[in-house]
1. Pick from 159, 298, 183 the residue whose mean-square fluctuation is largest in a GNM of the chain, springs joining Cα atoms under 10 Å.
2. Picking from 104, 176, 219, which is most flexible by a Gaussian network model of the chain using Cα springs under 10 Å?
3. Among 276, 243, which comes first, second and so on when ranked by fewest other beta-carbon atoms within 10 Å?
4. Rounded, prolate or oblate, given the Cα gyration tensor of region 123-237, with a/c below 1.5 counting as rounded?
5. Calculated from the structure, Cα extents along the principal axes in Å equals which of [x] 79, 42, 34; [y] 62, 42, 35; [z] 68, 44, 36?
6. Using the number of other C-beta atoms within 10 angstrom as an exposure proxy, rank 175, 316 with the fewest first.
7. Could you give the length gained by full extension between residue 100 and residue 270, i.e. 0.36 nm per residue of separation minus their alpha carbon distance, to one decimal place?
8. Rank the residues 105, 307, 94 as a footprinting-exposure proxy: fewest other Cβ atoms within 10 Å of their Cβ go first.
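Computed from the coordinates by the stated procedures, all read-outs in this text should not be read as laboratory data. As the structure is a prediction and not an experimental result, all values here were calculated from the model. With ideal geometry, Cβ positions are generated from the backbone for all residues, glycine too; neighbour counts draw on all protein chains shown.
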């Protein structure tokens, strides 16, 4: 049976593309790789710099970190899909379109997930003056005093905002949000007794829990966390499935060849599994995750569904 000429042509073109991609991957990298991240000193920036340092050694090419704040996702979304411009960022990448109008990137269309790198679970903490020592006692107090208890948070859509909104929905309580210009001022307000409770990250809360200036009630990871030894999970207190964390992942621009995504994933996961990298991330209040690109893509999809519903149900409107 004769094979139609156009079928032969399509097969030949496909083999040429695959061959070109393989050669490109073998030649990679032959120049400096740039990881674009958020503000200097932040948890994602620390993760980015640890990955960059490890990759510089394993790839044999310099990997630098460039701090570009909220403009980082847009910059990477518009970069050539050649593996030389990468993004290490938080869930802002996939949640900001729910929270702001005219966001210039699409989290699914414009990025290729490489790996979910690290996670920092939220911890529910209260000021010691609040007469509660467990999540169930807090829920009971909030139900007895609807609208009287408040929580501090930073920007709209941050983990310190969305985690307590999920708590409100799942516990069916009415607590009031008090907004501050950042996680630092929000935490300071709780430390001073200006507000009653907060859902900071493990890294931000742990020193104050140890000093006794804050009382921790539970950690918002699905399983008990080494970052919060002795604390029950919110899921175990009766809020089944409750999970809230600051997630940090690595992305490449969309249409980056699959061979490069696979190479970057392998190298990054190996970097994240190094003992010294795990220790540094743990010291900053985080846990190494190190996933496959497919696992990271699935996590993004589930996070968008989950938090999209929280945002909608809480009446949080785009600014």
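1. 298
2. Result for the chain, Cα springs under 10 Å: 104 fluctuates most.
3. On the way: 276 10, 243 20.
Sorted ascending by nearby Cβ count, the order is 276, 243.
4. Values: a/c = 1.26, a/b = 1.04, b/c = 1.21.
Rounded, because the longest to shortest axis ratio a/c is under 1.5.
5. Read-out taken from this structure: [x].
6. Values: 175 23, 316 18.
Exposure proxy ranking, most exposed first: 316, 175.
7. Working: separation 170, 0.36 × 170 = 61.20 nm, distance 3.57 nm.
Contour length minus the Cα-Cα distance gives 57.6 nm.
8. Numbers: 105 19, 307 23, 94 26.
Listed from fewest to most nearby Cβ atoms, that is 105, 307, 94.
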